[in-house]
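The structure under discussion appears below in the form of structure tokens.
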Amino acid sequence: MGCFNNEGSRSERTGRRQSYQRKKFSPYESKEKEYKFKPHGYVKDKQSISYGKIVEKITTKTQATYEHGADITWSIENKKKFDFDTVKPELSDPNDTGEKFIFEKKVEAWVNRQSLFEANWLKTYSYILQNYCTAAMQTALKELPVFENEIKNDPFETFGTCRCLIHNWD
């Protein structure tokens, strides 16, 4: 009779083992790539996503989520801050009251856009550090002697330093 009862049968044992394995290994099975800067020589794993792809992901996200995010994206892609003097409104006829009123509104919007850019610039630094740097990269950045004066709150310096740490450049 022991051969015909289902206690301890093979299918029951296999089911338990599969359940145990699913619980044990499911956190390690990630289908989505991790877009993060990792320092060279990082023991757990090496940089699997290129620097350019991570920067592209960051610029896409900032452009999509920040108000006037295109200014931040332009700055990152051109490696210099956006020059607001190139889009400064100009008054062609100071005697025309209608045009003068419109000009004042444009200047107000231009000033707001500049202040929004500066706020977004600081947000971008925080966003890069929190979402696109591993804990090891954050530690490596913060341990640099120039962190407080040059890297902190500056996305350009953060990108440049991350690139150096990824490739182990001096």
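Only one of Asn168, Asn131, Asn78 is more than 22 Å from Lys38 (Cβ to Cβ) and not basic (Lys, Arg). Can you tell me which? Result: Asn78 is the single residue among Asn168, Asn131, Asn78 that is more than 22 Å from Lys38 (Cβ to Cβ) and not basic (Lys, Arg). In the range 62-81, which residues are surrounded by 12 or more Cβ atoms within 10 Å (Cβ to Cβ) and either among the hydroxyl-bearing types (Ser, Thr, Tyr) or in contact with a strand residue (DSSP E or B) (Cβ under 8 Å, 6 or more places away or on another chain) (or both)? Listed by number, the residues that qualify are Thr62, Tyr66, Thr73, Ser75.
In the range 82-96, of all residues being part of a loop (DSSP other than H, G, I, E, B) and either of a type in the set (Asp, Glu) or touching a residue at least 12 places away in the same chain (Cβ under 8 Å) (or both), the one that is surrounded by the fewest Cβ atoms within 10 Å (Cβ to Cβ) corresponds to Glu90. The set of residues in the range 114-170 that are closer than 18 Å to Gly69 by Cβ, in contact with a strand residue (DSSP E or B) (Cβ under 9 Å, 6 or more places away or on another chain) and polar (S, T, N, Q) contains only Thr158.
Would you point out which residue out of Asn120, Asn153 is under 20 Å from the mean Cα position of the chain (by Cα), part of a loop (DSSP other than H, G, I, E, B) and either of a type outside the set (Gly, Ala, Ser) or surrounded by 15 or more Cβ atoms within 10 Å (Cβ to Cβ) (or both)?
On the way: Asn120 fails: part of a loop (DSSP other than H, G, I, E, B).
Residue meeting the stated conditions: Asn153.
With respect to the conditions (1) touching a Lys or Arg at 6+ places or on another chain (Cβ under 7 Å); (2) of a type in the set (Phe, Trp, Tyr); (3) loosely packed, with under 12 Cβ neighbours inside 10 Å, Trp110 falls short on a single one, namely (3). Within the range 124-139, the set of residues being crowded, with 16+ Cβ neighbours inside 10 Å and either more than 17 Å from the chain's Cα centre (by Cα) or within 15 Å of Ile76 (Cβ to Cβ) (or both) comprises Thr124, Tyr125, Tyr127, Ile128, Leu129, Tyr132.
Kindly provide the set of residues from the range 110-145 that are among the aliphatic types (A, V, I, L, M) and touching a residue at least 12 places away in the same chain (Cβ under 8 Å), ordered by number.
Residues satisfying the conditions are Leu116, Leu122, Ile128, Leu129, Ala136, Met137, Ala140, Leu141, Leu144.
Restricting the range 132-150 to residues that are touching a Lys or Arg at 6+ places or on another chain (Cβ under 8 Å) and not in a loop (DSSP other than H, G, I, E, B) leaves a set whose member that is farthest from Ile58 (Cα to Cα) is Ala136.
Rule-based calculations on the coordinates, nothing more; no lab input. Owing to the predicted nature of the structure, the values given are computational and were not obtained by experimental measurement. Please note: Cβ atoms are built from the backbone with ideal geometry, for glycine as well, and neighbour counts cover all protein chains shown.
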